Amino acid sequence: MEVNIKKLEKEQLYYDGSMKKLYSTSNPDYLFMEFKNEVVAIDSKKAKKVRGKGQTNTETSSYIFQFLDSYHIPTHYIGKLNEKWLVVRKLEMVPINVIVRNVSAGTFAKNFRMEEGQVLPAPIIEFYFKNEKMGNPMVNEYHLYAFGSANQDEIRMIQRLSAKVNAVMKNFFERRNYQLVDIKLEFGRSKGKIYLGDEVTLDTCRIWDNGNNSKLEKEIAHGKDNEIGKIYNEVKQRILHPRAKDEKLNLVG
Ligand code: ADP
């Protein structure tokens with residue numbers, strides 16, 4: 001580990017988002033990331049609080065970032081400080097949500113008049129400009145160059161990493177009997193290098209259960225609080241304890 005995370009001290013609130021809070025620390029290169037208990041299902045806008053959800057996402061994200069690291073994917077993850085806090089590299093975020101789609105679902109299925117569940121012949125990578133007032137419109141790399149959001153090398157790297165993260169995570173979920181329908185990624189830069197940031201959890205991965213064909217995002221959108229808590233927990237258990245014993249991770253923290 002490049003820094004002793006136990007020696008970092010929390011300073012002021014850096015960002016208070018809908019799902020997470022970020023705090024600056026005694027080292028300007030690192031932030032503490034705290035996961036809230038709020039739940040907003042994919043494709044839904046209503047937020048509700050579910051006990052234990054913040055902790056579940058901390059563990060899930062921590063495990064997945066370490067897994068991605070073992071595939072040499074540069075991520076902002078530095079370590080897990082405690083049940084609700086991760087230590088991450090502070091990034092200057094590229095203001096886009098990247099969505100990689102393997103199966104048609106949600107707004108994509110609606111917009112392109114496709115039936116939900118149709119497997120796409122190749123993954124589709126989409127960029128959405130992060131600006132709620134504008135309604136987070138879909139953009140391509142030329143918008144991002146014109147807006148000064150990223151340069152060509154950065155976009156090329158973001159596309160390469162997005163495709164790789166998707167391929168790795170698709171397999172990861174298949175081994176847990178889930179189908180990865182789509183995944184939302186965020187990237188940022190630090191000292192000239194692009195890193196995967198934010199989180200990789202049930203909130204950012206649309207996964208369907210191959211076992212009983214259930215679409216988890218729909219169950220989360222319509223479920224009662226205790227049912228939602230159970231879904232998060234079940235996914236966490238399957239993520240942390242895959243049946244296939246081909247994953248050897250030395251978890252730290
Ligand atoms: P929202 O911004 O939609 O309310 P969150 O509650 O998930 O979402 O907030 C997390 C915020 O932190 C996002 O805006 C995200 O871009 C930003 N972020 C994620 N990782 C980092 C990082 N390593 N450094 C700086 N900002 C980050």
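Here, each number is a calculation from the coordinates, and none is a lab measurement. Only a predicted model underlies this, so the values are computations on that prediction, with no experimental measurement involved. Ideal geometry is used to build each Cβ from the backbone, glycine not excepted, and the neighbour counts take in all protein chains shown.
Numerical summary
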{"quantity": "Pairwise label distance in nanometres, K6 with K191, each label 7 Å out on the Cα-Cβ vector", "calculated": "2.4"}
{"quantity": "Contact order normalised by residue count of the chain, Cα under 8 Å, 6+ apart, percent", "calculated": "20"}
{"quantity": "Förster radius 22 Å - calculated FRET efficiency between E219 and M93 (Cβ-Cβ, nearest 0.05)", "calculated": "0.15"}
{"quantity": "Burial ordering of L8, L202, L13, L185, fewest other beta-carbon atoms within 10 Å first", "calculated": "L13, L8, L185, L202"}
{"quantity": "Rounded, prolate or oblate (a/c below 1.5 giving rounded, otherwise prolate when a/b exceeds b/c) for the stretch 124-185 by Cα gyration tensor", "calculated": "oblate"}
{"quantity": "Hydrodynamic radius (Kirkwood) for the stretch 17-132, which is based on Cα pairs only, to one decimal in Å", "calculated": "16.5"}
{"quantity": "Principal axis box of the stretch 93-224, alpha-carbon based, largest edge first, Å", "calculated": "45, 33, 30"}
{"quantity": "Across K84/K218; K21/K49; K48/K230; K20/K84, pairs whose alpha-carbon gap is larger than 18 Å", "calculated": "K84/K218"}
{"quantity": "Evaluated over the chain, the Cα radius of gyration and Dmax, each in Å", "calculated": "17.7, 53"}
{"quantity": "20 Å reach of a label modelled at S18, 7 Å along Cα-to-Cβ, counting backbone N of the stretch 207-239", "calculated": "207, 216-225, 228-229, 232"}
{"quantity": "Ascending count of other beta-carbon atoms within 10 Å, so fewest first, for H76, H222", "calculated": "H222, H76"}
{"quantity": "Size descriptor, Kirkwood hydrodynamic radius, that averages inverse alpha-carbon separations across the stretch 173-215, Å", "calculated": "11.9"}
{"quantity": "Pair H72, Y142: separation of 7 Å Cα→Cβ label points (nm)", "calculated": "3.4"}
{"quantity": "Neighbour-count order for R51, R189, fewest beta carbons within 10 angstrom listed first", "calculated": "R51, R189"}
